[in-house]
Amino acid sequence: MPKRKIALLILVEAGLWVACILAMAWLYDRWLIAGPNGPIHWIGMDSVLFWVAARAMLAGQSPYSAATVHLIQAAVMGGPPQPGGDPMLFVYPAWIFLLITPWVLLPLKSAIAVWTGSLLFGMLHLLGSLAIRWGGRRAGLTSLWGLLLALGSLPFVAIAVTKGQISLVCLGSLFLAIRLIAGLPGQAAGALPPADPTPARPWKTTLRAILAGVFLVLAVLKPTLPALAVAGVLLWAVIERKGWIIAGFAACLALLYLASWLAIGNWLPDYLSLLSSTGGAPILWSLAMLAWPWNALYAALFGGIGISAFILFLRKRDRAQWFSAAILVGLALFPMRWVYDLLLGILVPAEARQMSRPAAICTAIALLAPWGLALFPEPVRWPALVIGLPLAWAAAWLALFAPIGSRPRPFFAL
């Protein structure tokens, strides 16, 4: 690419990033909601938790202590929450300390604007990347997928971005790790070819593998839904002897843990104690919402998908199918607290390039499924989404991978 085009691209990207930050700064003082102690800011509400916690860690104070909880509640709500309300606890592993320390040195409003604006900037690129990939770089089909992705992600992104949820960092990091792995030599997988078939130099291959391991660590900064997917990727790396991925993961995790340990000492007992309390929310949402024997059937369905995908992986070495299944099973069964974590489902077909008609239709239905909540009475809307959305993505997964070894007819051939 000519240097002039590169400079123009950098300028456009920088302008978009600044525009996202300014938009969030403008909304900060204008989007207020009622709180237990007066109006509170909606923009960045969740990011205040780790902004306060990281500042406490800089002073040698545990982010899980009662004193830190008091500081968080004062910063977010101006005082303690109402009985039964969100306790506003710091529920993240303390190893995020090193990563967010430069950000927390900013004043609160500026920090929130930069954080939420950067999340919006990143999500626009993630959705655009998926649209380009699924559309096969065809303008019409790419635009259609972009519209479907924007509509389907809007209910989740509108909440997660504006509140400053770190789960979006996990989502983007998992996507980047998968794409880096797909570019490694010899990673053609079934009907889903690698993004870059051109052989890379050895040092570039090594660097790509190490970076994939680093992004896998960033994917578990909030170790809820992405944890099973990351475990699936690491299991693949062990079986396929991808030592540099394991090394990158271990080195990055060790560095982050060491930095947090130097700041506040051994924080794991406090963190595990915190996880034992649900804060009024069930841990296994999907299984807790279903009565017997439906919860057992639900678990058996997704457990069966995971087991069968692993067996097929051992037989056919179809990496893309295995990664997709690990994401799907985590989406359905793994601990979750908030509905916007279900956005992880958009990564189920993340490696698809030319979808068959059934796969494209099922993916479009899964993307638009959240809007179907309007058909349900209000008391059952969230349970319907928590149960139904993984089922919709399961249909997309089956449509993508069931006809293994056959060449699907591209959706754009319609």
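The values are calculated or read from the model by the stated rules, or taken from the named source; none is laboratory data. Being a predicted model, the structure only gives us computed values, none of them experimental. Neighbour counts are summed over all protein chains in view; Cβ atoms, including those assigned to glycine, are modelled from backbone coordinates with ideal geometry.
Is it true that residue 179 is basic (Lys, Arg) and either assigned to a loop (DSSP other than H, G, I, E, B) or modelled with pLDDT of 95 or more (or both)?
Values: basic (Lys, Arg): yes; either assigned to a loop (DSSP other than H, G, I, E, B) or modelled with pLDDT of 95 or more (or both): no.
No; evaluated as a whole, the condition is false for this residue.
Are any of the residues in the stretch 353-364 outside any helix (DSSP H, G or I), touching a residue at least 40 places away in the same chain (Cβ under 8 Å) and more than 24 Å from residue 177 (Cα to Cα)? There is at least one residue in the stretch 353-364 that is outside any helix (DSSP H, G or I), touching a residue at least 40 places away in the same chain (Cβ under 8 Å) and more than 24 Å from residue 177 (Cα to Cα). All conditions but one from (1) touching a residue at least 40 places away in the same chain (Cβ under 8 Å); (2) within 22 Å of residue 34 (Cα to Cα) apply to residue 93; the one that does not is (2). When the stretch 182-212 is examined, which residues are found to be crowded, with 19+ Cβ neighbours inside 10 Å, more than 13 Å from residue 236 (Cβ to Cβ), at pLDDT below 55 and out of contact with any Phe, Trp or Tyr (no Cβ under 8 Å at 6 or more places or on another chain)? The answer is 191, 192, 194.
Taking the condition part of a helix (DSSP H, G or I) and either under 27 Å from residue 265 (Cβ atoms) or not charged (D, E, K, R) (or both), does residue 48 pass? Show your work before the answer.
On the way: part of a helix (DSSP H, G or I): yes; either under 27 Å from residue 265 (Cβ atoms) or not charged (D, E, K, R) (or both): yes.
For residue 48, the condition - part of a helix (DSSP H, G or I) and either under 27 Å from residue 265 (Cβ atoms) or not charged (D, E, K, R) (or both) - is met.
In this structure, does residue 168 turn out to be of a type in the set (A, V, I, L, M), in a helix (DSSP H, G or I), at pLDDT below 95 and within 19 Å of residue 342 (Cα to Cα)? When the stated conditions are applied, residue 168 passes them. Which of (1) under 23 Å from the mean Cα position of the chain (by Cα); (2) closer than 24 Å to residue 270 by Cα is the odd one out, the single condition residue 70 does not satisfy? Going through (1) under 23 Å from the mean Cα position of the chain (by Cα); (2) closer than 24 Å to residue 270 by Cα one by one, residue 70 breaks only (1).
All of 54, 23 fail the test of being assigned to a helix (DSSP H, G or I), among the small types (Gly, Ala, Ser) and under 23 Å from residue 275 (Cβ atoms), apart from 54.
Here residue 72 meets each of (1) in contact with a Leu (Cβ under 8 Å, 6 or more places away or on another chain); (2) touching a residue at least 60 places away in the same chain (Cβ under 8 Å); (3) hydrophobic (A, V, I, L, M, F, W, C) with one exception, condition (2). Residue 47 passes every criterion in (1) in contact with a Gly (Cβ under 8 Å, 6 or more places away or on another chain); (2) hydroxyl-bearing (Ser, Thr, Tyr); (3) more than 28 Å from residue 272 (Cα to Cα) apart from (3).
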